[in-house]
Amino acid sequence: MASSTKEISVILKNLGVEASNPGAAIGTKWLPTRGQKITSFSPADGKAIAEVTLADEDAYEKVIKAAKEAYKTWRLKPAPQRGEIVRQIGEELRKHKDDLGALVSYEMGKSLQEGLGEVQEMIDICDFAVGLSRQLYGLTMHSERPAHRMYEQWHPIGIVGIISAFNFPVAVWAWNAAIAWVCGDVCVWKPSEKVPLSAIGCQKIVQGIFDKNGVHPGVCNLIIGDATIGKKMADDKRMPLISATGSTRMGKSVGEAVGRRLGKTILELGGNNAIIITENADLNVAIPGAVFGAVGTAGQRCTSTRRLIIHESLFEEVKQRLVKAYGQLRIGNPLDQNNHVGPLIDKDAVQMFEDALGKVVAEGGTEIIKGEVLSGEGYESGCYVKPAIFEVKNEFEMVQHETFAPILYLIKYSTLDEAIEMQNAVPQGLSSAIMTTNMRESELFLSHAGSDCGIANVNIGTSGAEIGGAFGGEKETGGGRESGSDAWKAYMRRQTNTINYSTELPLAQGIKFEF
Ligand code: NAD
């Protein structure tokens, strides 16, 4: 049983996912692939869902050639017409929201609400991109030379390679693809090999729309493989932009490879997000924000709350309220909407969780809630864990690292300057938050002397961003921005144009060149 209402077999059928699937597609054309055959297992119940044969060299080459060909005509289509096609994609996603959301939940292990939320994000970014297709504005400047006009315009860039992580199996692709398409680019998507079926579901939903509109199918391509394919993309000069989401380790490798060929990257990497709870916090806001941030998606969001930096006057109270809240958490099948915490993605992740617990204890962390692997009825997949809480020091080695699991670190502070310094004293810089009802505290946190992260919230937790803002982080989080605001500029190349409509040739900076 996948959800309370539908069998997984019905969901797969509705989405066109077969028992055995090829791992590469050019629009509606699915290519025979000869790579390794992998099985996607659900971490919810440990059952095999379906098989995928990973892409091989031959399929990779065919996909890139098709994408190159498609780009020649797609870039010439007026942007609002490209937007109209993205609008139709949004409509198609609306029709398939329930099935795709349930598949994401079953394959990745996030709650059904979050699976549906991910598809909603895809719909939202399509809507955003439709409007954007009429707003790819460049500036006009005043030339210093008489009878000259100067302006800038934005052109498409070419093939965008999208490498995505397991924890957002579908939304991150849409964030990139919807924007890239209206910008006039074509996309090659390499999803995480841990969630290939959700990617196949997406391709099946959107593939027909390009055909229906008479567009070359190579605008929308899927290539399923492991890091080997990701590395190939990073080295491939035919892809001027690689947008890669995943661990900092992966980002360093992709950044180096793309940098070597002077290509462009959007890197969306690991976080180590903190909430500062000040003495002026409203704990009725702070506690739910902290708990959702720490245990939502079983701590497997890039924006998950890893650290709580708490004013000493409230430390005991916050600790007790957290212990009470954690005691009420229901851990179990993510498709059962009564549960708060689902499984980790696989047994390797469970092993990492256990290793981390041991290391924090070894460093001197004080266990407040003991994390453990759960077994017994409902936990047969071996991927369920009980979320842990420790009291620690910010400088502990493990606290400086992102462990992709529900482990929450409590840290005590006495002055806000000290709290902000601790919040920033980690290698990553994705999301941050302050819980306070005091305007001076929140403004300091948001000032140049405040949070150094790409996202800084007040009285909201660290996770759960909206698509309208630019999403991403600083330092080891990679510096990339995706989604809303002017993130679209990374998917285009800027051209400055100067036009002389005079009868002379004046030179800039007053330089004379006469003969
Ligand atoms: P991962 O780095 O193991 O894999 C991510 C993707 O990169 C996969 O598709 C994988 O096949 C590919 N890959 C791995 N090594 C590669 C290499 N050397 N070259 C090219 N491709 C390579 O990450 P994961 O376990 O799937 O996801 C969890 C990580 O992703 C966490 O660190 C999380 O914080 C991060 N994440 C960040 C964001 C963000 O927006 N900042 C969003 C989601 C996830």
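The values are calculated or read from the model by the stated rules, or taken from the named source; none is laboratory data. Given the structure is predicted, the values throughout are model-derived calculations rather than measurements. In this analysis, Cβ positions are derived from the backbone assuming ideal geometry, glycine residues included, and neighbour counts consider all displayed protein chains. Side chains included, ligands, DNA and RNA excluded: accessible areas come from the protein's heavy atoms. Shrake-Rupley method; radii C 1.70, N 1.55, O 1.52, S 1.80 Å.
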Next item on the list: Set the Förster radius R0 to 41 Å, insert the Cβ-Cβ distance between Lys252 and Thr366 as r into 1/(1 + (r/R0)^6), and round the FRET efficiency to 0.05.
Entry: 0.80
Next item on the list: Compute the accessible area per residue over region 218-265, keeping the other protein chains in place, probe 1.4 Å, unit Å².
Entry: 42
Margin query: Modelling each spin label as a point 7 Å along the Cα-to-Cβ direction, I'd like the Lys6/Thr498 distance in nm, to one decimal.
Written below: 5.8
Item checked: Rounded tilt (10° steps) of 97-108 against the dominant C-alpha axis of the chain -> 60
Next item on the list: Provide the gained length on full extension for the span Lys347 to Thr39, in nm with one decimal, where the gain is 0.36 nm per separating residue minus the Cα-Cα distance.
Entry: 109.4 nm
Notebook entry, point to check: With +1 on each Lys and Arg Cβ and -1 on each Asp and Glu Cβ, how big is the dipole of region 273-466 about its Cα centre, in debye rounded to the nearest 20?
Noted result: 340
Checklist line | Helix axis angle, 315-327 relative to the chain longest principal axis, alpha carbon, degrees | finding: 90
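Taking the solvent-accessible surface of protein heavy atoms with a 1.4 Å probe, what is the per residue accessible area of region 138-206 in Å²?
Values: 1730 Å² over 69 residues.
Per-residue accessible area for region 138-206 comes out at 25 Å².
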Next item on the list: Below 14 Å Cα-Cα, how many Lys pairs turn up in region 222-370? Only count pairs eight or more apart in sequence, or on different chains, if you could.
Entry: 6
Note to self: What value in Å³ per residue do you get for the convex hull of the alpha-carbon atoms in region 37-101?
What the structure shows: 112
Next item on the list: Could you go through region 175-183 in sequence order and give the Karplus-derived ³J(HN,Hα) for each residue, using 6.51 cos²θ - 1.76 cosθ + 1.60 with θ = phi - 60°, rounded to whole Hz, and x for Gly and Pro?
Entry: 3, 7, 5, 4, 6, 4, 4, 5, 6
Check: What does the chain give for Rg and for Dmax, in Å, if only its C-alpha atoms count?
Finding: 24.4, 91
Check: Which angle from 0 to 90°, rounded to the nearest 10, does the C-alpha axis of helix 347-362 make with the longest principal axis of the chain?
Finding: 60
Check: Given Cα pairs under 8 Å that are at least 6 residues apart, what percent is the relative contact order of region 273-466?
Finding: 31
Check: Percent of accessible area on the chain owned by carbon and sulfur, 1.4 Å probe?
Finding: 51
Item checked: Compactness of region 273-466 - radius of gyration and Dmax, Cα, Å -> 15.9, 51
Next item on the list: Take the alpha carbon gyration tensor of region 176-219, find the square roots of its eigenvalues, order them as a ≥ b ≥ c, and report rounded if a/c is under 1.5; if not, report prolate when a/b exceeds b/c, else oblate.
Entry: oblate
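Ignoring ligands, DNA and RNA, what accessible area per residue does region 291-383 give at 1.4 Å, in Å²? If you can, show how the numbers build up before the last one.
Values: 4180 Å² over 93 residues.
Roughly 45 Å² per residue, with all protein chains present.
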Note to self: Could you work out the relative contact order of region 70-221? I mean the mean sequence separation of Cα pairs under 8 Å and 6+ apart, divided by the number of residues, in percent.
What the structure shows: 32
Next item on the list: Quickly estimate the mean residue ellipticity at 222 nm for the chain, helices only: each DSSP H run with n ≥ 4 gives -39500 (n - 2.57), and the total goes over all residues, rounded to 500.
Entry: -11500 deg cm²/dmol
Next item on the list: Would you work out which of Met141, Asn459, Ala129 lies farthest towards the positive end of the dipole of the chain? Charges go on Cβ: Lys and Arg +1, Asp and Glu -1.
Entry: Met141
